[in-house]
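Colleague: Sharing a structure here in structure tokens format.
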Amino acid sequence: MATILAIESSCDETSASVCCNGKILSNVIATQAIHQKYGGVVPELASRAHQQNIIPVVQEAIATAKIHKKDINAVAFTRGPGLLGALLVGTSFAKAFALANDLPLIDVNHMHAHVLAHFIDDPKPSFPFLCLTVSGGHTQIVLVKSHSDLQIIGQTSDDAAGEAFDKTAKILGLPYPGGPLIDKYAQQGNPQAFSFPEPKVPGLDFSFSGLKTSILYFVRDRQKEDPYFLQNNIADICASVQHRIITILLNKLKLASRQYNIKDIAIAGGVSANSGLRSMLTSEAVKEGWQTFIPAFQYCTDNAGMIAIAGYYKYMNNDFAGQDVAPDPRIPF
Ligand code: KG4
Ligand code: ZN
């Protein structure tokens, strides 16, 4: 039996999960609403909220899983990447819990865990497959050869896809995090209403900072002509921006699929919750002959379920960390 308690605290979600032999028994997520009024995550407030949330969240994860503390065989935690103060709360908790209960520790790379979230539910992808990981801090195309052999073959040179959504939302006067709101407005808009440029980036890499600037100038110039432009066109602007972000992502994914001759394609990370991306990926799959893997919503944005599953595979490989392990905000992939 391998029962793992997992902790996630890399950004603004405090989460705990219990997984038994690769099956998730609980996945409790406390989202920190405090950041909304600041228009983005405030690192110091995130650390404080993690400190307040961590014990009740872990207690709830254990209770929901209907296990006892003594049933736990190992403690997995996010070591990085993420905010240092936020990671420190989860890491310190995991270390203390492991020490007090005489359990081994498993350090998990948050970006590996986003990809390995595909091994929670069925159908599971078979190796090798490609995973487009799109979150608030990262945009990567990952070649996944095994549970422990993951290689980045394309990534962003500036903003992440989630940042492009969030920064666009800020320009449009929408609150943080903007991705889900743009998604919501886009469902009522025309994606062809306005045209935004596709950046010319060689190979499998991405760039989103130029798109953000073009949206900024577009809105500023149109508002000068008509002060109600934004108000009257919010759905069409959101639909058009979202359409451009998705086509940038899917065009690179098509290129990667052809270059590596791989047709098993997965998406992961917070932006994979986007309804437009999910439906365009599904229709692209028909044209390209892809088999696609899209995680359940609760495993797209930050969650400890994905840390638990990543921890489970490391547990099976006897890959443990020592009590001297420290968080690493810029841990290499
Ligand atoms: O993976 P995640 O929860 O945290 C990081 O590791 O960064 O991703 C958060 C990002 C945010 O930028 C948020 O705006 C975006 O995911 N996001 C979305 C949607 N839901 C979350 N973006 C577009 N559409 C959505 N439905
Ligand atoms: Zn994440």
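The values are calculated or read from the model by the stated rules, or taken from the named source; none is laboratory data. If you're wondering where the values come from, they're calculated on a predicted model, not measured in any experiment. Note that we place each Cβ from the backbone using ideal geometry, even for glycine, and neighbour counts take in every protein chain shown. Ligands, DNA and RNA are stripped out before the accessible areas are found, and what is left, the full protein with its side chains, is counted by its heavy atoms. Shrake-Rupley method; radii C 1.70, N 1.55, O 1.52, S 1.80 Å.
Colleague: Considering Q291, Q298, which residue is open to solvent by 10 Å² or more (accessible area, probe 1.4 Å) and closer than 27 Å to S17 by Cα?
Modeller: From the options Q291, Q298, the qualifying one is Q298.
Colleague: If you don't mind, another one. Hey, does the stretch 226-235 have a residue that's within 20 Å of A160 (Cα to Cα) and either within 19 Å of the chain's Cα centre (by Cα) or part of a helix (DSSP H, G or I) (or both)?
Modeller: Among the residues of the stretch 226-235, not one is within 20 Å of A160 (Cα to Cα) and either within 19 Å of the chain's Cα centre (by Cα) or part of a helix (DSSP H, G or I) (or both), which makes the answer no.
Colleague: Report, by residue number, each residue of the stretch 217-244 that is charged (D, E, K, R) and under 20 Å from P180 (Cβ atoms).
Modeller: Matches in the stretch 217-244: D236, R244.
Colleague: I've got another one for you. Suppose we filter G189, G162, G173, G210 for residues that are touching a Gly at 6+ places or on another chain (Cβ under 9 Å) and either within 22 Å of C131 (Cα to Cα) or small (G, A, S) (or both); which single one remains?
Modeller: G162
Colleague: Let me ask you something else. Please go through (1) without any contact (Cβ under 8 Å) to a residue 24 or more places away in the chain; (2) touching a Phe, Trp or Tyr at 6+ places or on another chain (Cβ under 6 Å) for I4 and return the number of the only condition it doesn't satisfy.
Modeller: (1)
Colleague: Continuing with the same structure: Taking L216, is it out of contact with any Pro (no Cβ under 6 Å at 6 or more places or on another chain), away from ligand 2 (no atom under 16 Å from the Cβ) and either under 21 Å from G276 (Cβ atoms) or of a type in the set (S, T, Y) (or both)?
Modeller: The answer is no for L216.
Colleague: So, in the stretch 255-278, of the ones that are small (G, A, S) and away from ligand 1 (no atom under 12 Å from the Cβ), which residue ends up nearest to the chain's Cα centre (by Cα)?
Modeller: Top of the filtered list is A266.
Colleague: Can you pull out the residues in the stretch 144-163 that are farther than 17 Å from C11 by Cβ and surrounded by 20 or more Cβ atoms within 10 Å (Cβ to Cβ)?
Modeller: Answer for the stretch 144-163, where residues must be farther than 17 Å from C11 by Cβ and surrounded by 20 or more Cβ atoms within 10 Å (Cβ to Cβ): V144, G154, T156.
Colleague: While we're looking at this one, here's another question. Output the residues belonging to the stretch 175-199 that are within 22 Å of the chain's Cα centre (by Cα) and small (G, A, S).
Modeller: If the condition is that a residue be within 22 Å of the chain's Cα centre (by Cα) and small (G, A, S), then G178, G179, A186 are the ones that fit.
Colleague: Now a separate question. Looking only at residues in the stretch 115-128 that are closer than 15 Å to Q151 by Cβ and buried (at least 24 other Cβ atoms within 10 Å of the Cβ), which one is nearest to ligand 1 (Cβ to nearest atom)?
Modeller: Among those that are closer than 15 Å to Q151 by Cβ and buried (at least 24 other Cβ atoms within 10 Å of the Cβ), it is V115.
Colleague: Can you report the number of residues in the stretch 45-54 which are open to solvent by 70 Å² or more (accessible area, probe 1.4 Å), out of contact with any helix residue (DSSP H, G or I) (no Cβ under 7 Å at 6 or more places or on another chain) and touching a residue at least 12 places away in the same chain (Cβ under 8 Å)?
Modeller: Number of matching residues: 0.
Colleague: Next up: Looking at I309 and the list (1) closer than 28 Å to L255 by Cα; (2) in contact with a helix residue (DSSP H, G or I) (Cβ under 6 Å, 6 or more places away or on another chain), which single condition is not satisfied?
Modeller: Here I309 meets the rest and fails (1).
Colleague: What tally of residues in the stretch 124-160 results from selecting those that are of a type outside the set (S, T, N, Q), more than 15 Å from ligand 2 (Cβ to nearest atom) and not in a strand (DSSP E or B)?
Modeller: Going through the stretch 124-160 one residue at a time, the tally reaches 9.
Colleague: Got at least one residue in the stretch 80-98 being open to solvent by 60 Å² or more (accessible area, probe 1.4 Å) and not in a helix (DSSP H, G or I)?
Modeller: no
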